[in-house]
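The values are calculated or read from the model by the stated rules, or taken from the named source; none is laboratory data. A quick note: this is a predicted structure, and the numbers were derived from the prediction, not measured. All Cβ positions, glycine included, derive from the backbone under ideal geometry; neighbour counts span all protein chains shown. These area figures cover heavy atoms from the full protein model, side chains too; ligands, DNA and RNA do not enter into them. Shrake-Rupley method; radii C 1.70, N 1.55, O 1.52, S 1.80 Å.
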Amino acid sequence: QVQLVESGGGLVQAGGSLRLSCVASGSIFSINAMGWYRQAPGKQRELAAHITSGGMTTYADSVKGRFTISRDNAKNTVYLQMNSLKPEDTAVYYCQGSIFIAPMTAAYYYWGQGTQVTVSS
């Protein structure tokens, strides 16, 4: 079993910052890519930021220049530093990992339970 647990969400005023963390644990052989997705009320889940095993990053246009994704492979952890937050960043943020549970097998996608981020105006 593999578990992803997010933390760091909360309520912040516009212009403020938050740092999300996601720790992967369980029967992990290795972790490939990881990403942060978000889902606002009444909207579809969308990719906010993505990082490969080699550290290459991708960001949604709406968060470029404000959000930074990083990872600590030794700790099986991915972070999302969110600065200059806007009310439209309000959403549930989900961590996703592409994880190998054994050698010579395919990677599977796992999701965390989500953490709420609310930005007040």
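Here segment 68-102 is the region considered, the condition is being in contact (Cβ under 8 Å) with a residue 60 or more places away in the chain and polar (S, T, N, Q), and the residue that is farthest from Tyr37 (Cα to Cα) is Ser84.
A single member of Gly54, Gly65 is farther than 13 Å from Arg38 by Cβ and modelled with pLDDT of 95 or more, and it is Gly65.
Filtering segment 66-115 to residues that are part of a strand (DSSP E or B), of a type outside the set (A, V, I, L, M, F, W, C) and open to solvent by 70 Å² or more (accessible area, probe 1.4 Å) leaves Thr68, Tyr108, Tyr109. Scanning segment 2-17 for residues that are under 30 Å from Ser121 (Cβ atoms) and open to solvent by less than 30 Å² (accessible area, probe 1.4 Å) yields Glu6, Gly10, Val12, Gly16.
Can you tell me which residues in segment 18-37 are open to solvent by 60 Å² or more (accessible area, probe 1.4 Å) and assigned to a loop (DSSP other than H, G, I, E, B)? Passing the criteria: Ser27, Phe29.
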